[in-house]
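Please read the structure below before turning to the comments.
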Amino acid sequence: DELYFWHNSGPEWPDPRLEPMPSLETPESKRRFLNLVRATRLDEKLVMLKPRRASEAELLRVHTKEHLARVQEVSSRSSGGFVGEEAHVGGGGAAIAELAAGGALAAVEAVLRGDVHTCYALVRPPGHHAERDQALGFCLYNNVAVAVAAALESGDVSRVAVVDWDVHHGNGTEAIFLDDPRVLVVSLHQDGLYPLDSGKAEVVGEGAAAGTTLNIPLPPGSGIGAYDAALRTLVVPKLLQHKPDLIMISSGFDSCAMDPLGRMLLRAVDYAYLTRVLRAVADKVCHGRLVLCHEGGYSPLYVPFCGVAVLCELMGMERSAVEDVYIDSVGPARAMQATSDQLRAVDQARAAHHEFLSDSATTEAAELFEHMVISKEVA
């Protein structure tokens, strides 16, 4: 929806010690992603869904009344303002935030109805940092959490898994479902980036939900080798063991090699690979029900290539519809092999889940990978 691009993310978080500057969360990377989809005529092969605004009742499943009131009050001012740390809403912007959550809802509803098997919700503002009672890090409402809660409430699903590959920890989604055993929340993120002291491997869930929170904090400089190791030894086994009826992906492209806010090294072809793996899991455990919801990604140059690569993978195409003109400047696949410190980080996350992970799930995951076709660009 065009209104997504009208969200006013305001200035960067004000600090009297610094010269003011615009926010890095701008429409450009999302608009250029959509424009590339149209320029390649991929949109003619897609089912384009119309989003709707999330209702107050739908938002209240995962947010407090006080939080909603705060966003509405600041949004009622003509100039808007900050409603949380690095979270700005413009005048009238609450309606756009509701539309972003509603976009995730529309995507999930279409998949659960069987209109489509997979769906990508290109929404803005993002949502995975928003907690029950506060906005944070560009996020006003937690779009994915709103959609997960609605899916569970519908009665069509009894278990959901969320995989977050944004470079920043999905703290909001984690906090909302920390004690809910129905929801497996997986976050692959750069260690110690944002929020600070968030996303530690030892956080595994609370009470009956112990083992349903999986954090994999990876060192800066991690490429597809580290992510692949995490998928094979942890993420895929946990997904297979959880047996979700729906898989959602918090799709942040700020873990790409050209992002100004991250220091990871993923390329467009790597996001396609991540999508291929998770789609294979969805095909195996939940009839292919897979919904991706856009989160971060602040490189207007490179996000469009990453996004199109993911869409082409969802469409079953052998390769992206556009050539990645930046891949040579990022580096070849052999330079992305996992280093000892990256593998150590994966091992530490696995150790935290040792008592929650069955040997049979690990074996089943290995068999799934054996039957997958891996691109030479990634291997």
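The values are calculated or read from the model by the stated rules, or taken from the named source; none is laboratory data. The shown structure was predicted, so the numbers you read here are calculated from the model rather than taken from an experiment. Note: ideal-geometry Cβ built from the backbone for every residue, glycine included; neighbour counts use all protein chains shown. Note: accessible area is taken over every heavy atom of the protein model, side chains too, but ligands, DNA and RNA are not part of it. Shrake-Rupley method; radii C 1.70, N 1.55, O 1.52, S 1.80 Å.
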Reported set for the stretch 158-170 where residues are farther than 22 Å from ALA257 by Cα and open to solvent by 10 Å² or more (accessible area, probe 1.4 Å) is SER158, ARG159
Answer with yes or no whether VAL186 is open to solvent by less than 20 Å² (accessible area, probe 1.4 Å) and touching a residue at least 60 places away in the same chain (Cβ under 8 Å). no
Failed item in (1) within 15 Å of LEU368 (Cβ to Cβ); (2) surrounded by 24 or more Cβ atoms within 10 Å (Cβ to Cβ); (3) among the polar types (S, T, N, Q), with SER222 passing the rest: (1)
Among the residues of the stretch 1-51, count how many are in a loop (DSSP other than H, G, I, E, B), acidic (Asp, Glu) and exposed (fewer than 11 other Cβ atoms within 10 Å of the Cβ). 2
Please verify whether ALA94 is closer than 22 Å to VAL163 by Cα and surrounded by 15 or more Cβ atoms within 10 Å (Cβ to Cβ), treating the condition exactly as stated. no
Looking at this structure, is ALA309 within 16 Å of the chain's Cα centre (by Cα), under 29 Å from ARG41 (Cβ atoms) and among the small types (Gly, Ala, Ser)? yes
Any idea which residue in the stretch 53-74 is farthest from GLU2 (Cα to Cα), counting only those that are charged (D, E, K, R) and not in a helix (DSSP H, G or I)? ARG61
Could you list, in sequence order, all residues of the stretch 97-124 that are over 21 Å from VAL37 (Cβ atoms) and open to solvent by less than 20 Å² (accessible area, probe 1.4 Å)? ALA97, GLU98, ALA101, LEU105
